[in-house]
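Laboratory data are not the source of any read-out in this text; all were calculated from the coordinates shown. No experiment lies behind these values; they were computed from the predicted model shown. Note: ideal-geometry Cβ built from the backbone for every residue, glycine included; neighbour counts use all protein chains shown.
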Amino acid sequence: MLNEAEIYNREMTEIKAKLATMHKDIKNLMENTNQQYLDLVLANSKKDVLNAIMGYVTHDIEKGLEKGMVNKCDMRDKCKQIFTDLLYDNTSLMADDDVHEDSINQNRVKLSKIRAGASYAKCDTCFLEVDDLFEKQVNLMRSLRIYSSDNEKKQCISSICEESIVKDVLEPLSNKQRLQILKSMANETKTFSSLSELTGLRGGNLLFHLQKLLDNDMILQRHERGDYMLTEKGYKLLVMLSEIGTVLGQ
């Protein structure tokens, strides 16, 4: 019979597998639709997955507290409600695309204050269960890539490969016309003639810039002589550039 950790790991594996399948389906969908419709699909998919995950986490809280807390204690019901409220507050953070470390730390502080008011030695048993449930939630946020601590972000920065970033991102985006091309595809596909009109480039000159974006997986062409559209990578880079523009006050 599987223990709690094995059941949790199996369920998490199933969730990740579903996410991977959805990612593959969305990538295939990009070849047959425009970016605006893709955004709608992504939003609906995210909502469905989030609802499934929230249901799992809610069940995990109820099951964990019921099983892990001390039974023979006059404060059990009161403490269980306090723990449930705190864990639900932490779970609600998953609704955001980006969970800030401050939000996690605020809930950690709340838990520490509750622990400081514990009166009995047997309280440790209950707090161990709450700590375990809390860390499961944080690890789930990491798995969904909606949360990372400042230390983790610093480690990610230190692991940046300068050569590949310059070659695959910065160099392709360092041209005004190529950036114009990407921006124009944010909400719709574009024909070669419409891109020529937009950029003022003709024939081989425009093909050169399009090929640069194609080679770096920022755009794709539906079929030979077909419309051009953003890839997932191209769209994410545009979002990143818009955020940089906000930082610069543009």
What does the net charge come to around residue 206 if you take all other residues with beta carbon closer than 13 Å to its beta carbon, with K and R at +1 and D and E at -1?
+3
Burial-style ranking of 213-223, 71-81, average other-beta-carbon count within 10 Å with highest first, yields 213-223, 71-81
Ranked 65, 207, 170, criterion: other C-beta atoms within 10 Å, fewest first
170, 207, 65
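How high is the relative contact order of region 160-247, in percent, with contacts defined as C-alpha pairs under 8 Å that are six or more residues apart?
29 percent
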Taking the Cα atoms of region 160-247, what is the range of coordinates along each of the three principal axes, in descending order and whole Å?
36, 26, 23
Please go through the residue pairs 176/212; 176/233; 16/80; 78/113; 16/183 and name each one whose alpha carbons sit more than 23 Å apart in this structure.
16/80; 16/183
